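A short worksheet on the structure shown next.
Read the figures in this text as sums done on the coordinates, not as results from a lab. Just so it is clear, the structure is predicted and the values come from calculations on it, not from any experiment. Every residue, glycine as well, gets a Cβ built from its backbone with ideal geometry; the counts of neighbours run over all protein chains shown.
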Ligand SMILES: *Cc1c(COP(=O)(O)O)cnc(C)c1O
């Protein structure tokens, strides 16, 4: 039998760091990454045959749980008809329609293969539409790994302790203005100075790549107001939150249902919306990006939004974008089946489990006397350690990085040895699925006290 140890050393001989995406290497927590042999429902099984309750969920896509039988069957059926054609298929139209049905302001949808491509395309579209170059982003917001968007990009670079990335020309970063998150004054000042040169503001509706950081009430609406006033486009990045926190994503929760920072209790789920909700919404972006859940675990993402802007894309317009595997038949069928199966019951279960798990974890940490803060936006949550986080909360990237991040490794490894796999970085959110049930909650509750004790005894390096 292979061990995780040998699998990792063999991988490192042929793959940089042994992984195809940095956070998987366990750099933030130490130790050996688990090489996964299979996954089903709420659990993953490693090459040593050990099974874990999974709170990573492939970093978001696994909303229904892993290997949902109906999604797998749909993919198998599609595979038997061919893996890729490089020609349009009807499934793409069906999935685009399913997206628009849930998020009615997405009048046109273009499918790509990764969230990185989706945001990259949204930026190009905004520049093409406005004839301007500058992009505004917020520190700690992650929009994939394209050159112009890597500055102060949150979890991945924060875990590695990197300021940004080597290999990005200064001429390109000079086109990106990075502002502190949730800072209305900084955003207003920026628009006053260079507003007429700003093509777009790109932002996560509720940042989930520096831990879970809620937007201040009115923050996203203020982004809308300033963009409109200065002729810039508003690009909402819902690659992580889209179809996960609500059928209509973060936009549905906040702009339609009025969710604001506060106690995650009571009715805050917008549920399924219709076109009339767009008119009544608090704010509506020009462009939106999706990924993760929309592909149901396959490589698929999308850029969507206002028809007049989207129709600037080739072949209709002058903004070029293309992809050999874009709208891949297996990926679109996985996404379509996933959205069809993600009914209100799934969202209710995911929300309830998220609330329960965050309470279990927070109670265990409190009982062990650990200063912490459990932040939650919809079904996304994560823990922040230290007195500062506990007393004033975490609302921007500086505060996120000021927490006692070193307390996370012992917490993570205690859970892992009890058979619960948390994200291997304190800057990542925890993902729950519709397949997480009583047995999983019990396993987490049983593991939590020892993990909390391990945190209490942790010493800074
Ligand atoms: C994951 C993520 C991306 C990048 O998507 P990839 O498919 O990993 O390229 C972009 N934006 C947000 C908010 C994300 O969470």
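In Å, the Kirkwood hydrodynamic radius of the range 83-341 over pairs of distinct alpha carbons? The partial results should precede the final answer.
Working: mean 1/r = 0.0544 Å⁻¹.
By the Kirkwood definition, the hydrodynamic radius is 18.4 Å.
Tell me the mean residue ellipticity at 222 nm calculated for the chain from its helices only (DSSP H runs of n ≥ 4, each -39500 (n - 2.57), averaged over every residue, nearest 500).
Helix-only estimate at 222 nm: -11000 deg cm²/dmol.
Once the Cβ-Cβ distance between residue 356 and residue 228 is put in as r, and R0 is 35 Å, what FRET efficiency do you end up with, to the nearest 0.05?
Values: r = 40 Å, r/R0 = 1.15.
The pair residue 356/residue 228 has a calculated efficiency of 0.30.
Where the convex hull is taken over the Cα atoms of the chain, what is its projected area averaged over directions, in nm²?
Working: hull surface 85.2 nm².
Taking a quarter of the hull surface, the average projection is 21.3 nm².
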Before anything else, pin down the relative contact order of the range 83-341: Cα pairs under 8 Å, at least 6 apart, normalised by residue count, whole percent.
-> 29
Mind jotting down the distance between the C-alpha centroids of the range 72-151 and the range 397-421, whole Å?
-> 32
For the range 104-153, convex hull volume per residue from C-alpha positions, Å³ | 100
Give the Rg (one decimal place) followed by the Dmax (whole number) of the range 314-461, computed from C-alpha coordinates and expressed in Å.
-> 19.3, 61
Please report, in whole Å, how far the alpha carbons of the range 1-54 spread along each principal axis, starting with the longest.
-> 30, 26, 17
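Which ordering of 461, 254 is given by a fewest-first count of other beta-carbon atoms within 10 Å? List each step's numbers first, then the result.
Values: 461 5, 254 30.
Ranking 461, 254 by Cβ neighbours within 10 Å, fewest first, gives 461, 254.
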Mind checking the full-extension length gain between residue 442 and residue 40? Use 0.36 nm per residue of separation minus the Cα-Cα distance, one decimal, nm.
-> 142.9 nm
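Equivalent-ellipsoid semi-axes (√(5λ), Cα gyration tensor) for the range 1-99, whole Å, largest first? Could the numbers behind the result be given before it?
On the way: eigenvalues 196, 57, 41 Å².
Computed over the range 1-99, the values are 31, 17, 14 Å.
By counting other Cβ atoms within 10 Å of each Cβ, how are 77, 101 ranked from fewest to most? Can you show the working numbers first?
Details: 77 11, 101 16.
Exposure proxy ranking, most exposed first: 77, 101.
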What's the extension gain from residue 185 to residue 51 if we count 0.36 nm per residue and subtract their Cα-Cα distance?
-> 43.4 nm
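Which whole-number percent gives the relative contact order of the chain, counting Cα pairs below 8 Å spaced six or more residues apart?
Numbers: 959 pairs, mean separation 102.2, N = 461.
Relative CO of the chain lands at 22 percent.
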Want the number for residue 81 to residue 32: 0.36 nm per residue separation, take away the alpha-carbon distance, what's left?
-> 13.7 nm
